1. Which whole number of Å³ per residue matches the convex hull of the alpha-carbon atoms in region 101-215?
2. Might you report the magnitude of the Cβ-based charge dipole of the chain about its Cα centre, with Lys and Arg at +1 and Asp and Glu at -1, to the nearest 20 debye?
3. Between GLU147 and ASP225, what FRET efficiency comes out of the Förster formula 1/(1 + (r/R0)^6) with R0 = 35 Å and r the beta carbon distance, rounded to 0.05?
4. Through the Karplus equation 6.51 cos²θ - 1.76 cosθ + 1.60, θ set to phi - 60°, convert the phi angles of region 247-255 into ³J(HN,Hα) values in whole Hz; use x for Gly and Pro.
5. Hull surface divided by four, with the convex hull built on the Cα atoms of region 261-354: how many nm²?
6. Pairing the Cα long axis of helix 138-148 with the longest principal axis of the chain, what angle in degrees results, from 0 to 90 and rounded to the nearest 10?
7. Please state the relative contact order of region 57-184 as a whole percent: Cα pairs under 8 Å, 6+ residues apart?
8. With Kirkwood radius over Cα pairs in Å defined as stated, name the option among (1) 22.3; (2) 23.5; (3) 21.6 computed from the structure displayed.
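The values are calculated or read from the model by the stated rules, or taken from the named source; none is laboratory data. Not measured: the values here are computed from a predicted model. Neighbour counts are summed over all protein chains in view; Cβ atoms, including those assigned to glycine, are modelled from backbone coordinates with ideal geometry. Only protein heavy atoms, including side chains, enter the accessible area calculation; ligands, DNA and RNA are left aside. Shrake-Rupley method; radii C 1.70, N 1.55, O 1.52, S 1.80 Å.
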Amino acid sequence: MALLNKNESTAFPRQIAQILRQRICRGEYSQGCRLNSVRRMAEEFEVATGTLLRALDILEQSGVIYRCHGKGTFVSKQIDIAKMPLSACFAFPEKKLRIPGYPEINALNGEFYRGLLQGSIDNNIKLQFAYFEQSPSPALLQKQLQELEKFDFVIFPSYQNLELMRQISEHKTVFCFQQYSQCTPPLPNVICSSYAREEALEKFVDFFLRTGCRSAAVVSKETADKETYFLRRVAEEGLATPEEGVWLLNNFQNSELRVEYLQNLMRKKKYDFIFCATTDYLRDIYEAAFNLNLFVGKDIMVSGIACGITVSNLFPRYSYFKIPRFEQGVDIMKSAAEFFRWGQPIELPKLKVRFVEGQSAGIRK
């Protein structure tokens with residue numbers, strides 16, 4: 001059985017280095033022991049001796065092994081497997097990490113970046129953020145692949161760099177957000193990270209039903225799966241929902257127009273619960289309710305699923321289900337470290353949302 005992926009010859013040294021490093025982590029090669037000769041290891045991996053020597057260079061540079069002229073190659077006596085250095089690249093497709101006009105998305109992304117950084121600190125992983133053009137020429141694509149070769153694993157936020165992701169995943173560990181790949185068949189070699197989205201939405205519906213509210217509306221930028229699912233479930237319970245469906249605010253250029261539109265809707269159609277599908281419009285909902293002398297949390301309840309950063313200074317304090325974006329970043333780094341250092345299989349659990357109790361919505365007595 002071949003030990004290496006023969007589809008990408010430039011990756012052989014790193015593949016070999018990874019296999020040898022995992023053998024050391026698992027105790028197959030003990031500290032201070034002498035490895036087989038270069039010729040015998042080259043025969044085992046079915047590669048040229050020059051390829052094997054480049055793999056040993058990688059391990060020696062990271063302090064995993066040392067070589068003595070005329071004596072051979074040895075596993076370091078001072079090696080601390082738990083502190084064995086690793087490297088990762090977060091390959092993002094936008095030239096800027098922040099997307100203008102999307103505070104909630106930026107907040108969610110920021111939580112994920114913070115989780116990656118915390119995970120890199122906890123697990124001694126050198127993490128680099130790097131921009132990669134989405135539609136590269138064949139020559140630039142090859143340069144991008146070469147740039148990623150120096151890392152132990154790669155993290156993509158989306159499928160926008162699809163061809164780069166496809167090619168690099170053939171011989172290197174790759175992570176990606178599952179929720180961004182709904183329109184694209186997942187690549188077989190890409191490990192998707194996600195939270196329990198369906199379970200989170202069902203928890204939210206259950207929370208709404210327990211509030212005792214008799215009607216509900218949805219405010220959003222678009223009519224997507226979560227919005228239509230919530231309205232359908234509310235209707236199935238025999239409760240009132242708007243005939244027009246989701247209240248869309250993406251066509252209004254400023255907050256003043258959005259507030260005026262919401263006031264008209266809330267004045268004419270007295271729904272006692274609003275599912276805010278994107279917290280970018282949450283302050284508009286609060287202001288519209290205030291202008292109509294409606295007390296949020298009493299006359300009208302407002303809640304949603306969010307990261308929480310963009311709503312922390314609202315009064316009354318917002319009630320919501322928190323997306324575990326920070327924890328996702330931490331989990332990716334932890335799982336990668338356990339895989340490369342100890343050979344443990346990568347298993348990313350679907351993390352659950354937790355309810356953050358405020359005063360904007362609650363169970364009526």
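1. Values: hull volume 18.6 nm³, N = 115.
Considering the Cα atoms of region 101-215, their hull volume per residue is 162 Å³.
2. Details: 47 positive and 41 negative charges, 185 e Å.
So the magnitude is around 900 debye.
3. On the way: r = 36 Å, r/R0 = 1.03.
It comes out at approximately 0.45.
4. Per-residue couplings from phi come out as 7, 8, 10, 6, 8, 8, 6, 9, 5 Hz.
5. Across all orientations, region 261-354 yields a mean hull projection of 7.2 nm².
6. Compared with the principal axis, the helix lies near 80 degrees.
7. In percent, rounded to a whole number, it is 25.
8. Identified label for the calculated read-out: (2).
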